[in-house]
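First up is the structure itself, then whatever we jot down about it.
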């Protein structure tokens, strides 16, 4: 098993999407389960420990899923990975919205600190996530041990699907520096998860 789980393949995803378009209600659940672990992982890594103490990761994911389901009938595939990119964009936008809303309420003093919320703010440990695939549980623990720069490069390259050049522009680095950092991050991640194999050898591509 590789340190980074492989993303869902497009062919099967598009088959599910076609089932949904012809009225197969079970397709919604199949699609949600198919992307649940990857999207929940992204939600938790992007929220960070501070926001995870006041926002439930599953709640954020479910609200994203509702938006995605409403938008899917209008979704037009535009190449490999386009549906995955679409879902990830929804996740990132939802996280920004939740963070902005919470920040504004806090500044205005309108966040009601109930006993349960106050306890969660006081205790930075977030609830354990519920993944279908235990590999994501191990991946989350390993990613938390990486330096921030490596953590960010892995999220941008493998979870958001950006090219090394796009990541370089985002981080203000050279393409060569990003490729080197990405390769080192994969090797470090493989060591933390106890996985070895092709990931670290192909990571610089």
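The values are calculated or read from the model by the stated rules, or taken from the named source; none is laboratory data. Because the structure is a prediction, the values reported are computed rather than measured. Because the Cβ atoms are built from the backbone with ideal geometry, glycine has one as well, and the counts that use them run over all protein chains shown.
Computed values, structure above
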quantity	calculated
Segment 76-85, residues that are within 20 Å of the chain's Cα centre (by Cα) and either over 16 Å from residue 157 (Cα atoms) or not in a loop (DSSP other than H, G, I, E, B) (or both)	82, 83, 84, 85
Hey, residue 48 at pLDDT below 80 and at positive phi or not	yes
Selection within segment 138-163 - free of Cβ contacts under 8 Å to residues at least 40 places away in the same chain and surrounded by 15 or more Cβ atoms within 10 Å (Cβ to Cβ)	150, 152, 153, 156, 157, 162
Residues (under 22 Å from residue 45 (Cβ atoms), in contact with a helix residue (DSSP H, G or I) (Cβ under 6 Å, 6 or more places away or on another chain) and at pLDDT 90 or above) located in segment 158-188	164, 167, 168, 178, 179, 181, 182, 185, 186, 187
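Let's see how each residue does on (1) more than 30 Å from residue 22 (Cβ to Cβ); (2) at pLDDT 80 or above:
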| residue | (1), (2) |
| --- | --- |
| 69 | no, no |
| 74 | no, no |
| 84 | no, yes |
| 105 | yes, no |
| 110 | yes, no |
| 117 | yes, no |
